[in-house]
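The values are calculated or read from the model by the stated rules, or taken from the named source; none is laboratory data. Computed from a prediction, not measured in an experiment: that's the story for all the values here. Positions of Cβ are backbone-derived with ideal geometry, glycine not excepted, and every protein chain shown enters the neighbour counts.
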Amino acid sequence: MTEREMWYWLASLPSWSGKTIGQALDRLGSLEAVWNARELPVTPLQQEEAQRGRREPERLAAELEQLERQGIRFVTRSCPDFPARLRRWKDGPFFLFVKGRLPPEGTAAALVGSRKCTEYGRLQAEELGRFLAGKGVHVISGLALGVDGAAQRGALQASGYSCAVLGTGVDVCYPASHRTLYRELEARGGLVSEYATGSPPLPYHFPLRNRIICGLADVVVVVEAGRKSGSLITADWALEQGKDVLAVPGRMGDPMSQGCNRLIRQGAGIVAEPEDILEALGIRTGKKKKTAPELSAEEQSIWRCLGTEPCGLDWICQESGQPVSAALMILLRLEMRGLVRQVGAGRYLRLPR
Amino acid sequence: MYTKVNSVAVRGIQGLLVSVEADVSLGLPEFSMVGFLSSEVKEARERVRTSLRNAGFALAPRRITVNLSPADVRKEGTAFDLAVALGILEAYGCLPPGCLDGLAVMGELGLDGGVRPVPGILSMVLAARQAGLSACLVPQENQREGSLVEGIAVVGVRCLSEAVEQVRRPGFWKGLPGARGRQSEPSPSYPVDFAEVKGQAALRRAAEVAAAGMHNLLLVGPPGAGKTMIARRLPTILPPLTRQESLEVTQIYSVCGLLPADTPLLAARPFRSPHHTCSAQALVGGGRIPRPGEISLAHRGVLFLDELPEFSQNALEVLRQPLEDRQVHISRVHGAYTFPADCMVAAAMNPCRCGYYPDRSRCQCSEAEVRRYQGRVSRPLLDRMDLCVEAAPVAYQDMQSGPAGEPSAAIRRRVEAAWQRQRERFSGTGIYFNSQMAGALLEQFCRLGPKETALMEQAFQRLGLSARAYHRILRVARTLADLEGEPEIRERHLGEAAGYRGWDTCGKEMR
């Protein structure tokens with residue numbers, strides 16, 4: 001019985017959380033002891049499950065081989081390529097299932113936020129992902145809908161490295177609509193999970209996977225979070241691990257930004273511009289001066305009334321004094337220059353620059 | 001003795017000449033009717049027998065046989081009663097022989113001998129004229145409707161005895177007031193007007209463009225944003241119906257029994273707004289005996305589908321073919337039916353279940369829910385919507401004190417001019433509107449200059465347009481140019497048209 005197989009045995013027990021494993025190891029002293037122990041310091045259900053796995057040691061080896069064939073690596077703390085950031089830390093995972101590459105050496109930032117985000121949050125996440133990846137910072141996130149997915153997509157667009165920590169088995173794409181992103185991360189980034197292959201997205205998996213997201217990063221950036229967003233849990237983990245938390249500020253009273261604003265009040269750093277994240281990571285930047293886009297008078301009249309919130313065509317026409325036909329033409333030009341974007345059936349917003 | 005009277009059956013919306021043959025002979029007294037009859041036609045036996053007696057004809061007991069020919073076409077409706085009664089009277093010798101020649105007789109009988117109105121008179125009279133008959137005897141209530149047809153006399157009767165009195169005089173229809181042909185054209189009047197729409201510049205513009213090219217229009221927006229209000233007013237900015245179009249529309253309504261008693265000729269463009277629980281058959285037509293559906297009732301007008309995603313999948317999918325062909329084909333064991341269905345479709349939908357997406361401070365739907373909601377409308381149907389606009393809620397100031405909008409009549413004048421240009425352009429091609437352009441015609445009439453080509457190329461790449469979206473933009477741009485009276489499509493037309501593609505980008509944004 002190799003040590004690797006014994007770790008895999010623990011990994012394949014669905015009722016054994018990282019905490020249970022940690023306690024058993026503490027109590028019994030070593031992995032070897034846990035494997036051989038007749039009585040485990042766990043609940044009867046967990047005991048029975050462990051017993052069942054122990055009875056067929058040859059199956060563990062076969063399953064490990066099967067994983068290799070599927071292109072899934074099983075790395076434990078004793079493996080040389082286990083992320084150094086997680087190894088040092090007591091509450092960190094003991095093992096990881098990996099598809100693609102594990103985060104290489106270098107600075108990393110976690111970009112997290114609501115699944116149910118506004119168009120503004122999505123755009124900012126994408127933009128921050130792109131910006132950080134462009135500066136060589138790895139983007140760690142959770143593949144979720146909304147902010148997470150947008151940030152990782154942005155990072156991949158800038159040909160950077162991005163790693164998704166999953167709350168399911170590493171071979172499960174959840175949400176299913178992120179299939180394309182999942183495949184791209186497998187090819188050009190990494191997918192990581194501490195849950196055995198095939199694990200379903202159980203609600204209690206996610207707060208725990210957030211601790212790994214935070215563990216893999218040097219700094220946590222909350223892009224958009226409501227009052228009860230799960231990304232606030234990631235921020236809590238960051239504080240526990242002694243990592244910096246930054247938040248993208250929202251408008252006063254905006255329910256979709258309550259979480260972020262509260263973090264700022266509690267002392268989180270503020271992301272007023274993307275460079276602020278680099279600063280928190282200790283990367284020096286020569287701040288470049290932003291130039292306003294060159295616009296004709298007509299374009300200016302439309303550009304002026306657009307904001308980061310999508311606004312309707314009627315409102316744009318009224319504010320700018322342009323007739324509908326002219327306004328649509330100008331908006332198309334601005335859209336093709338990458339300055340605005342149409343969302344929904346006829347709303348427009350300014351793209352972050 | 002044997003006699004023959006002409007009557008007309010309605011199949012679909014077409015009239016079909018039917019000969020009602022009656023034979024009275026010695027034998028056991030019996031009254032039998034044959035000729036592939038539905039039960040309401042068979043019941044004519046009882047109605048005719050009783051009404052003849054109550055009209056004062058004491059007929060000796062004889063063997064009466066009535067045949068409706070052609071005997072292999074199923075006969076429906078109650079319009080044969082009067083013809084059967086007159087045929088029997090002639091066969092008994094109560095009428096001068098040959099007095100019913102050259103006449104088509106339609107009408108339902110009451111037991112009191114009264115003649116009741118029947119649906120579909122217009123189609124019947126048209127068929128009678130086509131068959132070369134010289135006059136029609138119809139129920140008095142249907143007389144005005146029947147006399148819309150030129151070149152045939154239409155005489156109304158109130159009861160069986162009046163009908164007998166009339167036919168006893170040879171050539172009775174000559175010189176009757178009903179025989180005079182054309183009546184004065186009624187002008188359309190609508191209870192609503194665009195002047196009542198305040199603000200809503202984007203919606204108004206889209207409505208005008210849609211009307212000018214008969215483009216299908218999709219309105220997306222939160223509840224209470226005025227989607228229905230705009231759609232209701234669409235018929236008011238369409239040019240008035242021509243006489244030929246009026247007749248087509250009236251014919252459909254007449255067959256369905258929906259023609260108001262006081263307006264024999266429909267002058268207003270139809271506006272149909274079926275409820276979203278409507279079945280596929282009710283929408284495009286159908287049933288055991290096929291009847292026109294909502295899309296045919298909206299012929300030459302507007303079919304408004306409110307709450308588009310709430311319609312059953314099936315109902316929406318069957319709309320696709322009629323939208324392409326502008327006709328509905330229905331096949332049954334006993335024959336195929338064709339109904340006209342040339343209408344403009346205006347559809348309204350909320351962007352999500354609660355209606356407020358993408359306003360995240362009010363919309364509580366998850367992304368999956370939004371996508372599921374929008375996914376209920378199939379891509380092929382969305383592809384047939386040339387224009388898509390978002391309806392924004394009206395601001396309070398606009399509602400309270402905003403100036404009245406431009407009245408329908410003014411918009412209609414611009415639309416009429418655009419229609420005229422399209423008529424000239426498309427004469428001889430078999431189509432009438434820009435929205436109907438496809439393939440070769442699109443290439444022929446939407447040729448772009450170098451600047452315009454460059455713009456479209458850039459837009460195609462930057463915005464990730466599909467080929468279908470590209471064609472939609474071209475069609476709408478052509479209409480925009482027509483509205484301006486511009487012979488060529490310019491950049492500004494393409495730019496505006498691209499602004500109405502709307503929905504195409506939505507799916508992409510919401511990955």
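Could you list, in sequence order, the residues of region A:238-257 that are basic (K, R) and under 23 Å from B:S366 (Cα atoms)?
A:R251
Only one of B:A481, B:A477, B:A498, B:A459 is buried (at least 21 other Cβ atoms within 10 Å of the Cβ), in contact (Cβ under 8 Å) with a residue 24 or more places away in the chain and closer than 29 Å to B:T242 by Cβ; which?
B:A477
So B:R168 fits all but one of (1) within 27 Å of the chain's Cα centre (by Cα); (2) basic (K, R); (3) modelled with pLDDT of 90 or more; what number is the exception?
(1)
Wholly within region B:76-182, which helices (runs of 4 or more DSSP H) include no fewer than the required count, namely at least 1 residues that are β-branched (V, I, T) and more than 17 Å from B:V48 (Cα to Cα)?
Hits in region B:76-182: B:121-130, B:160-168.
Got at least one residue in region A:311-324 being closer than 25 Å to B:M399 by Cα, more than 7 Å from every other protein chain (Cβ to nearest Cβ) and of a type in the set (G, A, S)?
Scanning region A:311-324 turns up at least one residue that is closer than 25 Å to B:M399 by Cα, more than 7 Å from every other protein chain (Cβ to nearest Cβ) and of a type in the set (G, A, S).
Looking at (1) in contact with a Leu (Cβ under 8 Å, 6 or more places away or on another chain); (2) within 14 Å of chain A (Cβ to nearest Cβ); (3) under 14 Å from B:A497 (Cα atoms), find the lone condition where B:R205 falls short.
(1)
Filter region A:334-353 for residues that are within 7 Å of chain B (Cβ to nearest Cβ) and among the basic types (K, R) and give the result.
A:R347
A:D254 is checked against (1) within 14 Å of another protein chain (Cβ to nearest Cβ); (2) closer than 26 Å to B:E452 by Cβ and fails just one. What number does that condition carry?
(2)
B:P260 - would you say it is touching a Phe, Trp or Tyr at 6+ places or on another chain (Cβ under 9 Å) and either more than 14 Å from every other protein chain (Cβ to nearest Cβ) or over 19 Å from B:L148 (Cβ atoms) (or both)?
Spelling it out, B:P260 is indeed touching a Phe, Trp or Tyr at 6+ places or on another chain (Cβ under 9 Å) and either more than 14 Å from every other protein chain (Cβ to nearest Cβ) or over 19 Å from B:L148 (Cβ atoms) (or both).
Would you pick out the residues in region B:443-453 that are within 13 Å of B:R490 (Cβ to Cβ) and either within 14 Å of another protein chain (Cβ to nearest Cβ) or not β-branched (V, I, T) (or both)?
Correct list: B:C446, B:R447, B:L448, B:G449, B:P450, B:K451, B:E452.
Anything in region B:383-398 that is more than 11 Å from chain A (Cβ to nearest Cβ) and modelled with pLDDT of 80 or more? List them, or say none.
B:D383, B:R384, B:D386
Quick one: which residue in B:S401, B:S408, B:S435 is loosely packed, with under 12 Cβ neighbours inside 10 Å and either over 27 Å from the mean Cα position of the chain (by Cα) or at pLDDT below 95 (or both)?
Going through B:S401, B:S408, B:S435 in turn, the sole match is B:S401.
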